[in-house]
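Each remark here refers to the structure printed beneath this line.
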Amino acid sequence: MPGIYLHIPFCKQACHYCNFHFSTSLKYKGELVQAMLRELELRKDYLVEKELDSIYFGGGTPSLLTEAELMLFFENIGKYFTLKPGAEITLEANPDDITPEKLQSLRHTPVNRLSIGIQSFHEEDLRFFNRAHSASEARACLARALDADFNDLTIDLIFGSPTTTDERWAENLNLAFSYDIPHISCYALTVEERTALAHFIKTGKAPAVEEDKAARQYEHLMAEMATHGYIQYEISNFAKPGRFAVHNSNYWRGEPYLGLGPSAHSFNGESRQWNVANNTKYIRLLTNETGFENLPRLAPGLFEIEQLTPVDRYNEYVMTGLRTIWGVELSRLRQIGPEFETYFLQNVQVFIEEGKADRVEDTVLLTDAGKFLADGIAAELFARKD
Ligand code: SF4
């Protein structure tokens, strides 16, 4: 079933490791919301099916939206789509935004799931990341959210940082477990180009990220999650039984979604498209637009489209399939083309022999030894475009 993703491109301050699209100036927030509503109206027919089972506010920092702004999105989505009963409606939130008043206000909206960017419960990590919140806010916001009956919570944690000792990582996990949160996402700190972190490492102001440490902490993570009853349903995502994220699962399983807002991606099964990653340009293109019949013609530059070839579909499926508990199903490869099944089986054999992948009947999955290397293994299995 399809979903809608809304990218809210504003943050209070820039985290040193982040390469997402956002602005630290909130000056155009009102205009941007209006432009996104216009994009929704223009692109409502992108999704053929009109019943949604998820809406996801990501960013950026969607918790910077007011209740009135959130309600505008829901009212306008409601003009064109219906929500499946019990649909998952997630809002990404930063701990410093989760005040009792904010939670109260969110209770007046259809938001029923919070994704909280904790990243760490330790001050040293948070300062290294340049997060806007403190360690005490990280703890307090979880207690507050649970008190306000927001039980459908997920948190993000980062491991492998130069400041994250093995002891701190173990403490982070134990603290997360102590709140009995149904869903936890954990990411290795990666050094993305053109980020402050990359610059600091290059100029010797920060130590390099050690891959061995990240691999060790990932191993600890997988073992602890299993001990505490979480299922690793994706390389970075762990959930209690029955609590897998609907939005993320749909994405990994190739369901269509409409992405609204600057830099947002959309997928309809045939093509992917992504919006311009520039707030003022996005607002200008949508504000000047005068008719709704032919969006690319009327708002040139708003987005780029890539039609997926069989090779693209194979590569994307191998990439996402290997990362998930559902693995790569050979029958799906055969649907793309029998030659892809043959190519995949020939190339995956070496990883099976090395104990990094496993074939279970008609499905190939990564073993625990292969999971940390998932992206590299997928890259080895990609088919070339020529
Ligand atoms: S709050 Fe999130 S989106 Fe904003 S800078 Fe930090 S990591 Fe990036």
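If Cys15 meets every condition in (1) more than 15 Å from Gly117 (Cβ to Cβ); (2) within 14 Å of the ligand (Cβ to nearest atom) apart from one, which number is that one?
All conditions pass for Cys15, except number (1).
Please verify whether Phe73 is among the aromatic types (Phe, Trp, Tyr) and modelled with pLDDT under 95, treating the condition exactly as stated.
No, not satisfied.
Going residue by residue through the stretch 44-51, is there one that turns out to be away from the ligand (no atom under 16 Å from the Cβ), in contact with a helix residue (DSSP H, G or I) (Cβ under 8 Å, 6 or more places away or on another chain) and assigned by TED's automatic domain parsing to the domain that holds Leu83?
Yes, the stretch 44-51 has at least one match.
Let's see how each residue does on (1) crowded, with 20+ Cβ neighbours inside 10 Å; (2) touching a residue at least 40 places away in the same chain (Cβ under 8 Å); (3) assigned to a helix (DSSP H, G or I):
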residue	(1), (2), (3)
Ser115	yes, yes, no
Asp125	yes, yes, yes
Ala132	no, yes, no
Ala138	yes, yes, yes
Cys141	yes, yes, yes
Leu146	no, no, yes
Phe150	yes, yes, no
Ser161	yes, yes, no
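Does Tyr179 fit the bill of being more than 16 Å from the ligand (Cβ to nearest atom) and either in contact with a helix residue (DSSP H, G or I) (Cβ under 7 Å, 6 or more places away or on another chain) or under 19 Å from Arg216 (Cα atoms) (or both)?
It is true that Tyr179 is more than 16 Å from the ligand (Cβ to nearest atom) and either in contact with a helix residue (DSSP H, G or I) (Cβ under 7 Å, 6 or more places away or on another chain) or under 19 Å from Arg216 (Cα atoms) (or both).
How about the stretch 1-11: which of its residues are more than 22 Å from Pro85 (Cα to Cα) and either in contact with a Cys (Cβ under 9 Å, 6 or more places away or on another chain) or at pLDDT below 95 (or both)?
Scanning the stretch 1-11 gives a single hit, Cys11.
It is to be established whether one or more residues within the stretch 87-103 are surrounded by fewer than 22 Cβ atoms within 10 Å (Cβ to Cβ), touching a residue at least 60 places away in the same chain (Cβ under 8 Å), of a type outside the set (Asp, Glu) and more than 16 Å from the ligand (Cβ to nearest atom).
Yes, some residue in the stretch 87-103 is surrounded by fewer than 22 Cβ atoms within 10 Å (Cβ to Cβ), touching a residue at least 60 places away in the same chain (Cβ under 8 Å), of a type outside the set (Asp, Glu) and more than 16 Å from the ligand (Cβ to nearest atom).
Specify which of the listed residues (His21, His7) is over 16 Å from Asp97 (Cβ atoms), touching a Leu at 6+ places or on another chain (Cβ under 9 Å) and either small (Gly, Ala, Ser) or within 16 Å of the ligand (Cβ to nearest atom) (or both).
Going through His21, His7 in turn, just one is over 16 Å from Asp97 (Cβ atoms), touching a Leu at 6+ places or on another chain (Cβ under 9 Å) and either small (Gly, Ala, Ser) or within 16 Å of the ligand (Cβ to nearest atom) (or both): His7.
Every residue in the stretch 346-367 that is surrounded by 15 or more Cβ atoms within 10 Å (Cβ to Cβ) and part of a helix (DSSP H, G or I), please.
Those that are surrounded by 15 or more Cβ atoms within 10 Å (Cβ to Cβ) and part of a helix (DSSP H, G or I): Asn347, Val348, Phe351, Ile352.
Six or more apart or on different chains, Cβ under 6 Å: which pairs go from a residue in the stretch 232-245 that's among the charged types (D, E, K, R) to one that's outside any loop (DSSP other than H, G, I, E, B)? Could you list them?
Glu234/Arg323; Glu234/Thr324; Arg243/His183
Condition check ((1) crowded, with 20+ Cβ neighbours inside 10 Å; (2) among the basic types (Lys, Arg); (3) not assigned by TED's automatic domain parsing to the domain that holds Thr154) across all residues:
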site: His228; (1), (2), (3): no, no, no
site: Gln232; (1), (2), (3): no, no, no
site: Arg243; (1), (2), (3): no, yes, no
site: His247; (1), (2), (3): yes, no, no
site: Pro256; (1), (2), (3): no, no, yes
site: Gly259; (1), (2), (3): yes, no, yes
site: Ala264; (1), (2), (3): yes, no, yes
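May I ask you to verify whether Gly355 is closer than 24 Å to Arg272 by Cβ and of a type in the set (Gly, Ala, Ser)?
Here the answer is no, as Gly355 does not meet what is asked.
Can you tell me how many residues in the stretch 59-84 are within 16 Å of the ligand (Cβ to nearest atom), under 13 Å from Ser105 (Cβ atoms) and in a loop (DSSP other than H, G, I, E, B)?
The number of residues fulfilling the criteria is 1.
Just to be sure, is Tyr218 at pLDDT 95 or above, in the same structural domain as Arg113 (by TED's automatic domain parsing), surrounded by 15 or more Cβ atoms within 10 Å (Cβ to Cβ) and part of a strand (DSSP E or B)?
No: the conditions fail for Tyr218.
Please count how many residues of the stretch 1-25 are within 15 Å of Gly261 (Cα to Cα) and in a loop (DSSP other than H, G, I, E, B).
5
The values are calculated or read from the model by the stated rules, or taken from the named source; none is laboratory data. Predicted, not measured: the structure shown is a model, and the values here were computed from it. FYI the Cβ positions are ideal-geometry reconstructions off the backbone, even for glycines, and counts take in every protein chain you see.
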